[in-house]
Structures are given as structure tokens and as C-alpha cells.
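Reading through the C-alpha cells given below for one structure.
No lab work stands behind these numbers, since they all come straight from the coordinates. The shown structure was predicted, so the numbers you read here are calculated from the model rather than taken from an experiment. Counting neighbours? That spans all protein chains shown, and the Cβs are built from the backbone with ideal geometry, glycine included.
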Amino acid sequence: MTNVCQSCGMPLDKDPEGGGSNADGSRNSTYCSLCYSKGQFLHPHFNVTEMQEHCIEQLKNRGMPTFMGWLFTRGIPKLARWNSDDTSQTRH
Ligand SMILES: [Zn+2]
């Protein structure tokens, strides 16, 4: 099974960096390089909806129609980053 980024859902083998990076410079295989770098989220304030919109925008920039972007991103709410039990991070 392909590992996907637990923040944006991108397959990690599609990541040019092969994954995010930890604070000590080692490879992080939970998140991709576009979400996680040097031990920190690049978009720490995103909620799940903002992440989906961000990804659709990125995919559109690469020539993907919006509905395809929507298909690729609709699994995002199921990923680990958005399923912590910490309800204090939920925004309405
Ligand atoms: Zn990602």
C-alpha cells in the first residue's frame, strides 16, 4: 500500500523530497514535504476545509480541473492530522 501524507493525502512517492523532514533533518514519512518541514507544519493554522481548498488550488496550478482536485482532496478529512481527539482545534 502506498503511504500518503496524513495532512494532504498526496502519495509520498509523488513527493519530490520523498516526505517531510524532522527538526533534526531526518525524513518524516507521515507527512509530505509540502506540509511538513524541519519538524513543523508549513500551514499550522489551516483547518481541514482550508487544506482542501489549498490542495485544489495547487492541483489547479498544475492544470488539473477543479472537480478532479475535489476528488483528490475529499479523503483529507479522514487523514490522521484532522482526526485528533483534541476538539479544541475544531473551528466553526
Ligand atoms: Zn502533505
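For the reader, a short list of remarks on this structure follows.
Yes/no matrix, rows are residues, columns are (1) in contact (Cβ under 8 Å) with a residue 24 or more places away in the chain; (2) surrounded by 17 or more Cβ atoms within 10 Å (Cβ to Cβ); (3) touching a strand residue (DSSP E or B) at 6+ places or on another chain (Cβ under 7 Å):
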residue	(1), (2), (3)
Lys38	no, no, yes
His45	no, no, no
Gln52	yes, yes, no
Ile56	no, yes, no
Phe67	no, no, no
Gly75	yes, no, no
Ala80	yes, no, no
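- In the range 1-36, the qualifying residues are those that are assigned to a strand (DSSP E or B) and surrounded by 19 or more Cβ atoms within 10 Å (Cβ to Cβ), and the one that is farthest from the ligand (Cβ to nearest atom) is Asn28.
- Members of the range 37-51 found to be at negative phi, more than 12 Å from the ligand (Cβ to nearest atom) and not β-branched (Val, Ile, Thr), listed by number: Gln40, Pro44, His45, Asn47, Glu50
- Total residues in the range 42-76 satisfying the condition of being β-branched (Val, Ile, Thr) and within 15 Å of Gln6 (Cα to Cα): the figure is 4.
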